[in-house]
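Trainee: This is the structure, below, for whatever I ask next.
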Amino acid sequence: MYCYLWKYRVKKEFIQEFKEIYSGSGKWAELFRLSEGYKGTELFVEAADENIMITIDYWADAKSRSVFMENYKTEYSKLDEHCSRFTEEETFTGEFEKAA
């Protein structure tokens with residue numbers, strides 16, 4: 001199992017819309033599901049600050065995500081551009097493999 005973590009500072013006026021699009025049943029997950037290697041997404045809200053959220057996207061392996069990005073770069077870019085208005089800050093936190 002392989003995962004990618006992103007941290008966001010969401011603008012207050014977009015919190016609900018952000019949650020809908022970035023949840024495990026949202027638009028990002030819908031796009032990722034075009035890949036057989038996609039395993040799911042989790043969205044977390046920081047307990048002390050509802051504007052801070054993280055997403056964890058799960059993939060079978062790094063290659064699955066890489067192939068997805070090659071095959072769907074146009075769709076990914078369009079959705080990313082649409083969603084850029086929701087956040088004040090977006091930080092890639094890292095790529096992680098499940099420990100044995």
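What follows draws every value from the coordinates through simple rules; no lab data is involved. These figures come from a predicted structure and were not determined experimentally. Note that each Cβ is placed from the backbone with ideal geometry, even for glycine, and that neighbours are counted across all protein chains shown.
Trainee: So how strong a dipole does the chain carry about its Cα centre when Lys and Arg Cβ are +1 and Asp and Glu Cβ are -1, to the nearest 20 debye?
Mentor: It comes to approximately 160 debye.
Trainee: Quick check: Cα centre of segment 37-82 to Cα centre of segment 1-25, how many Å?
Mentor: The two parts, judged by their Cα centres, are 9 Å apart.
Trainee: For the chain, modelled as a Gaussian network with Cα springs under 10 Å, which listed residue fluctuates most, 19, 27, 78?
Mentor: 78
Trainee: Please give the length that would be gained between residue 93 and residue 72 if that part of the chain were fully extended, namely 0.36 nm times their separation in residues minus their C-alpha to C-alpha distance (nm, one decimal).
Mentor: That pair, residue 93 and residue 72, stretches by 5.4 nm at full extension.
Trainee: For every helix of n ≥ 4 consecutive DSSP H residues, a contribution of -39,500 (n - 2.57) applies; sum these over the chain, divide by its total residues, and give [θ] at 222 nm rounded to the nearest 500 deg cm²/dmol.
Mentor: Result for the chain, helices only: -10000 deg cm²/dmol.
Trainee: Let me ask something else. Which angle between 0 and 90 degrees, to the nearest 10, do you get for helix 73-83 versus the longest principal axis of the chain when only C-alpha atoms count?
Mentor: Orientation of helix 73-83: about 10 degrees from the principal axis.
Trainee: Compute the long axis of helix 62-71 from its Cα atoms, compare it with the longest principal axis of the Cα atoms of the chain, and write down the angle in degrees, 0 to 90, nearest 10.
Mentor: Long axis of 62-71 versus the principal axis of the chain: about 80 degrees.
Trainee: Counting only other residues whose beta carbon sits under 14 Å from that of residue 28, what net charge do I get with K and R as +1, D and E as -1?
Mentor: Here the count lands on -3.
Trainee: Over the chain, one equal point on each Cα, no solvent: what is log10 I(q)/I(0) by the Debye formula at q = 0.12, 0.14, 0.19 Å⁻¹?
Mentor: Normalising to I(0) and taking log10 leaves -0.38, -0.51, -0.94.
Trainee: Can you list residues whose amide H is under 5 Å from residue 61's amide H, if they're 5+ apart or on another chain and H is modeled 1.01 Å from N?
Mentor: 2
Trainee: What share of all Cα pairs of segment 1-46, in percent, falls into each consecutive 10 Å distance bin?
Mentor: Values per bin, smallest distances first: 24, 54, 20, 2.
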